[in-house]
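A.B. asks: Have a look at this one.
The values are calculated or read from the model by the stated rules, or taken from the named source; none is laboratory data. All values derive from a computational prediction rather than experimental measurement. Neighbour counts run over all protein chains shown; Cβ positions are idealised from the backbone, glycine included.
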Amino acid sequence: MGGWRLDEVGRRGLLVAVLLSGPAFARQSAAGGGTSPDSVEWRGEDDLSGGVVDGVEAPDSGPPEGAEPLEPAVAAPGGLPEEALAQALPPRIPPGDAAAPETPSVAPPGAQPPPEPSKQGKKKKAKPGTQPEDSLGEDSTALDDTPPEEVQTVRVFGRVYARASADERAEYQRNLSIPSARVGVGTSLPNLEAEVSADLADKSLLKDAFVRLADDKKRFRLYGGQFKSPFLQRRLEGSWNLPIQGRGLVDDYLTDVYELGGRRLGLMGEVRLKGLWDVRVSAGVFQGAKDELGVRTKEDLAGRISVSPLKKRLTLGVSTYVAEALDRARRHAVAADAELRLGDLSLSGEVVTGRLPVGPFTAQLMLASWLIPVSAAWALQPVVGAEGLQLRGDVEGRGHSVLGGLNVLLGNRFRGQFQVERALRPGDAAPGLEYSLQLATRF
């Protein structure tokens, strides 16, 4: 009986609290949500005051002794009491609580979801000695396949070659030299590239100074300034990519002695179609050389066509150079070249024929190298090569060269090259041996 009595008293107390809160809510809503002392509710264990129980109005005698005050009922927006609104909302969890559930963020209507990060594969580590130079003057294709975001807007580059040699034709006297000490700066913008470089170890200080314009897809380019004319693949190859010291007997004879090709002031256009065997067509007009009296001759013409039927494995090309094209054209040549890459093995060959002031000539060039990685940074590169030159006509002569060597590569910044060459050059009475060691670095 006692338990039933307590339960009944508790339910009556709850009913009294609800009935008493009604007028308080009404007064608070009329007053703009404020609270008054009359709105304070009191509760106790046997509190029956301030309400009606079983039809009998209980006297409002104030809070009984030992009663606990209730929080004032504050009206929430929409006329709901704060207790009702609190029951409708999820419970508050203190910030930083590990058990707090993550609230999913809801994007506003019409908002685009954030782009997912691109899943780029791991970049393959470049093999030592295989990357092209940053200098476009040395290798015009150096940045062709580099993603635009990886190309620096301004590039500062340079290289230093130090060589020690001993030649049989000079009784093996040691010769120390600096074949190249080059420094340059270049810039790359979406449709414009420019470069200026100088060689502090050469009599001709200025090497490259040109501007290259291109469309958005890099299919059409226009060169203006001083740069390499498109003739002889051996000459167009960057010196850092060549596994030998220098460019060989044939290039020295045709370019340095008779000035077929090389760096010239000129204007050249280029077309590249990647989807069609990576066809590349280059043609331009260049400033003529000086004759025996120091007079500048008429302009020269040069052009080259290359294709890659096996992408990055086989490249075939044909090039030509015509000196004094608008006058006597006593010097001209045509060359055909091929390059095959099978993994770390590289084979290249080129044949040249044409006419010089001394008469017609033919030439052949062959080169093979094999890259052997030793560690993550170090690699060895054996190399062998052969060249031949034949002069016919009024002046007959022959030249040839056979060489072998070993290169030690440290990444793409340093190399040591030891080379042995037996050559018969034009003007030599007999072939001779030459030993050379070259240390090279670039930045």
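Yes/no matrix, rows are residues, columns are (1) in a loop (DSSP other than H, G, I, E, B); (2) buried (at least 20 other Cβ atoms within 10 Å of the Cβ); (3) at pLDDT 90 or above; (4) among the basic types (Lys, Arg):
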{"position": "Glu259", "(1), (2), (3), (4)": "yes, no, yes, no"}
{"position": "Arg272", "(1), (2), (3), (4)": "no, no, yes, yes"}
{"position": "Glu292", "(1), (2), (3), (4)": "yes, no, no, no"}
{"position": "Ala302", "(1), (2), (3), (4)": "no, yes, yes, no"}
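A.B. asks: Among the candidates Lys312, Lys298, single out the residue that is on the phi > 0 side of the Ramachandran plot and not in a strand (DSSP E or B).
C.D. replies: One residue alone meets the criteria, Lys312.
A.B. asks: State yes or no: is Leu433 assigned to a strand (DSSP E or B) and either hydroxyl-bearing (Ser, Thr, Tyr) or loosely packed, with under 14 Cβ neighbours inside 10 Å (or both)?
C.D. replies: It is true that Leu433 is assigned to a strand (DSSP E or B) and either hydroxyl-bearing (Ser, Thr, Tyr) or loosely packed, with under 14 Cβ neighbours inside 10 Å (or both).
A.B. asks: Considering only residues that are among the acidic types (Asp, Glu) and in contact (Cβ under 8 Å) with a residue 24 or more places away in the chain, look in the stretch 134-164 and name the one that is nearest to Leu265 (Cα to Cα).
C.D. replies: Per the stated criteria, the residue is Glu138.
A.B. asks: List the residue pairs whose Cβ atoms are under 9 Å apart, where the first residue sits in the stretch 224-247 and is within 20 Å of Arg442 (Cα to Cα) and part of a loop (DSSP other than H, G, I, E, B), the second is modelled with pLDDT of 95 or more and among the aromatic types (Phe, Trp, Tyr), and the two are 6 or more positions apart or on different chains.
C.D. replies: Ser239/Tyr161; Gln245/Tyr161
A.B. asks: If you don't mind, there's one more thing I want to ask. Take the residues in the stretch 295-322 that are within 21 Å of Gly261 (Cβ to Cβ) and free of Cβ contacts under 8 Å to residues at least 24 places away in the same chain, then tell me which one is farthest from the chain's Cα centre (by Cα).
C.D. replies: If we take residues in the stretch 295-322 being within 21 Å of Gly261 (Cβ to Cβ) and free of Cβ contacts under 8 Å to residues at least 24 places away in the same chain, then Val295 is farthest from the chain's Cα centre (by Cα).
A.B. asks: Just checking, how many residues over the stretch 387-398 are small (Gly, Ala, Ser) and modelled with pLDDT under 95?
C.D. replies: Count: 2.
A.B. asks: While we're looking at this one, here's another question. Do you know which residues across the stretch 116-161 are assigned to a loop (DSSP other than H, G, I, E, B), surrounded by 11 or more Cβ atoms within 10 Å (Cβ to Cβ) and modelled with pLDDT of 75 or more?
C.D. replies: Ser135, Leu136, Gly137, Glu138, Asp139, Ser140, Thr141, Ala142, Leu143, Asp144
A.B. asks: When you go through Leu365, Leu371 one by one, which is the residue that is of a type outside the set (Gly, Ala, Ser), within 21 Å of Val250 (Cα to Cα) and assigned by TED's automatic domain parsing to the domain that holds Ser165?
C.D. replies: Answer to the selection: Leu365.
A.B. asks: Would you pick out the residues in the stretch 164-173 that are surrounded by 12 or more Cβ atoms within 10 Å (Cβ to Cβ), out of contact with any Leu (no Cβ under 7 Å at 6 or more places or on another chain) and at negative phi?
C.D. replies: Ser165, Ala166, Asp167, Arg169, Ala170 - these are the residues of the stretch 164-173 that are surrounded by 12 or more Cβ atoms within 10 Å (Cβ to Cβ), out of contact with any Leu (no Cβ under 7 Å at 6 or more places or on another chain) and at negative phi.
A.B. asks: Does Gly184 fit the bill of being surrounded by 17 or more Cβ atoms within 10 Å (Cβ to Cβ), at positive phi and in the same structural domain as Ala338 (by TED's automatic domain parsing)?
C.D. replies: Criteria not met by Gly184.
A.B. asks: What is the residue count in the stretch 360-415 for residues that are free of Cβ contacts under 8 Å to residues at least 24 places away in the same chain and either assigned to a strand (DSSP E or B) or within 17 Å of Gly343 (Cβ to Cβ) (or both)?
C.D. replies: Selection size over the stretch 360-415: 7.
A.B. asks: Taking the stretch 274-290 on its own, how many of its residues are surrounded by fewer than 16 Cβ atoms within 10 Å (Cβ to Cβ) and charged (D, E, K, R)?
C.D. replies: 2
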